[in-house]
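Notes to accompany the following structure.
The values are calculated or read from the model by the stated rules, or taken from the named source; none is laboratory data. Since the structure is predicted, the reported quantities are computational estimates derived from the model, not experimental observations. Methodologically, a virtual Cβ is constructed for each residue, glycine included, from the backbone with ideal geometry; neighbour enumeration extends over all protein chains shown.
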Amino acid sequence: MSIINEKKGSALLTALLVMGVLLSVSLALSSLILREIYTTREVLDSGKAYYGAESGIEVSLYKIKHSLPGWETPEKGFVPLQIDEDKNVVTEYKVDNTCNAYPCFGSDFNKESAEANLTAFYDVLELNESITLPLFVVKDGVEHKVKNFTVEFYGIFNPQTDLKIKSGKGFPLSGWDILRWKILGISKADKTESISDFTALSMLNTAGEKNATNAANPSWFGSVRCQQAKGERYTNKIVCEDYGFGEDFQEVTLGEDVAKTVVGNCDNTKAREHYVYENGEVQSTVPCYPISTFLEGHRLNYLTLTNLMNPSVFDDKAVPTEAQRIAMSKLYFRVELFGEDGIVLNRSSVGDVSGNNTVREYAEIVSNGYSGDSKQSISVNLKRDSFMPVFNFSLYSTYKESSNKNAWK
């Protein structure tokens, strides 16, 4: 009898052991399955969030491409984009595309570091290269015009020592016209008009000595005098000298059917060339036409800058190789935008002043996608198109090494 009871007890123990093993296996499998389900859901949510963020980038790229210059999200904030009716995936995107200077100094710009090397404030214009900047931005279908601007530029050569061209008295040139600029705009009569000029590389600096300009003492032109522009500027380390020539010009008539051509120099706030058209023909030339007057009387204004330096004018002894001549033909430039009378309305943040902005060289796009507990972010910097508006053209020179060493003497 006791033997039978002992067998019954062992069977119960065996059953409990088997049940424990099965329960442990079930719990382990359940844990694995639940973890796989959670991981799969995370992967799916992460994928949905990523593609949601990608859709925000695509929407931003489309709107930048198919909108007028200066399109960006309102108040530089995020704009929501719903993906489906259940709102399982939601996207928000933000585009910063305007700035009150070119190159643009964004929130991550280190002013102290740049002031230690002032070239950080400038962009490069290669030989024969042109760049076109809109002097306006469009927000909600409304144009906000730039009231005033200055272009500051310098070269790395010294016109007194590096050029073979001399003035009539045998002395080095006091300046050398190397920057071709043009402003195109639409008049009140809906006609495309323009003003243009060449600007010389000044050799003045703050000490009053004749020397090459540099990042601290650039040459300039603009609708307001560079040294008189008011308000807080990005840096007081860059000083513009007043080297305008006044309104000493001469009118030359080339023929009865040919409009007058202006020869000479004008103040740096004015253009030597402004042609008045009627019925598609040039009727007259307005000498020394104020740039500010053109900006005020036209809309959708575009500024074009062209580097017209000719490497052939470098002295063979000072700049002996072609590679050196090409390198020294580069121009370094910056554009600052101002409000009326040259007043800067606000420099505390970038691009928040209506009528005082242009398009950045790189549009900053940020898009966030959300799904479940997942968030994916994509950031893209889009370089501005190298577009040229209708009827925009600039004369330029092509450089070829001359066999005649005395050709430019």
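Would you please name the residue that is modelled with the highest pLDDT, looking only at residues in region 171-191 that are more than 24 Å from the chain's Cα centre (by Cα) and assigned to a strand (DSSP E or B)? Walk me through it before giving the result.
Initial filter on region 171-191 (more than 24 Å from the chain's Cα centre (by Cα)): 171-177, 187-191.
After this cut, where a residue has to be assigned to a strand (DSSP E or B) as well, the list is 172, 177, 187.
Numbers: PRO172: 45, ASP177: 70, SER187: 87.
Here the residue is SER187.
For region 358-369, give me each residue that is of a type in the set (Ser, Thr, Tyr) and either touching a Phe, Trp or Tyr at 6+ places or on another chain (Cβ under 6 Å) or buried (at least 21 other Cβ atoms within 10 Å of the Cβ) (or both). Please lay out each step first, then the result.
Residues of region 358-369 of a type in the set (Ser, Thr, Tyr): 358, 362, 367.
Across region 358-369, the qualifying residues are THR358, SER367.
Among SER2, SER31, which is of a type in the set (Ser, Thr, Tyr), exposed (fewer than 10 other Cβ atoms within 10 Å of the Cβ) and modelled with pLDDT under 75? Can you show your working first?
Values: SER31 fails: exposed (fewer than 10 other Cβ atoms within 10 Å of the Cβ).
Answer to the selection: SER2.
Which residue out of ILE57, ILE64, ILE83 is at pLDDT below 85, crowded, with 18+ Cβ neighbours inside 10 Å and at negative phi? Full working, then the answer.
Numbers: ILE57 fails: at pLDDT below 85; ILE64 fails: at pLDDT below 85.
Among ILE57, ILE64, ILE83, only ILE83 is at pLDDT below 85, crowded, with 18+ Cβ neighbours inside 10 Å and at negative phi.
Quick check on region 67-74. Is at least one of its residues within 29 Å of the chain's Cα centre (by Cα), under 30 Å from HIS144 (Cα atoms), of a type in the set (D, E, K, R) and buried (at least 17 other Cβ atoms within 10 Å of the Cβ)? If you could, list the steps in order and put the result at the bottom.
Taking region 67-74 as the starting set, the residues that turn out to be within 29 Å of the chain's Cα centre (by Cα) are 67-74.
In the following step, the residues that additionally are under 30 Å from HIS144 (Cα atoms) were identified as 67-74.
Now restrict to residues that are of a type in the set (D, E, K, R): 72.
This time we only want the ones that are buried (at least 17 other Cβ atoms within 10 Å of the Cβ), so: 72.
Yes: region 67-74 contains one or more residues that are within 29 Å of the chain's Cα centre (by Cα), under 30 Å from HIS144 (Cα atoms), of a type in the set (D, E, K, R) and buried (at least 17 other Cβ atoms within 10 Å of the Cβ).
Considering only region 117-139, how many residues are buried (at least 19 other Cβ atoms within 10 Å of the Cβ), touching a helix residue (DSSP H, G or I) at 6+ places or on another chain (Cβ under 9 Å) and aliphatic (A, V, I, L, M)?
Residues that pass the stated criteria total 2.
Just for region 96-116: of the residues that are out of contact with any Asp or Glu (no Cβ under 9 Å at 6 or more places or on another chain) and aliphatic (A, V, I, L, M), which one is surrounded by the fewest Cβ atoms within 10 Å (Cβ to Cβ)?
ALA116
Would you check which residues across region 133-152 are assigned to a strand (DSSP E or B) and under 30 Å from ALA216 (Cα atoms) and list them? Quick ask: steps written out before the conclusion?
Step one: list which residues in region 133-152 are assigned to a strand (DSSP E or B), which gives 133-134, 136-139, 142-145, 148-152.
Of everything in region 133-152, those that are assigned to a strand (DSSP E or B) and under 30 Å from ALA216 (Cα atoms) turn out to be LEU133, PRO134, PHE136, VAL137, LYS145, ASN148, PHE149, THR150, VAL151, GLU152.
Looking at (1) modelled with pLDDT of 65 or more; (2) surrounded by fewer than 18 Cβ atoms within 10 Å (Cβ to Cβ); (3) of a type outside the set (S, T, N, Q); (4) not in a helix (DSSP H, G or I), which is the one condition that is false for GLU296?
Of (1) modelled with pLDDT of 65 or more; (2) surrounded by fewer than 18 Cβ atoms within 10 Å (Cβ to Cβ); (3) of a type outside the set (S, T, N, Q); (4) not in a helix (DSSP H, G or I), only one is false for GLU296: (4).
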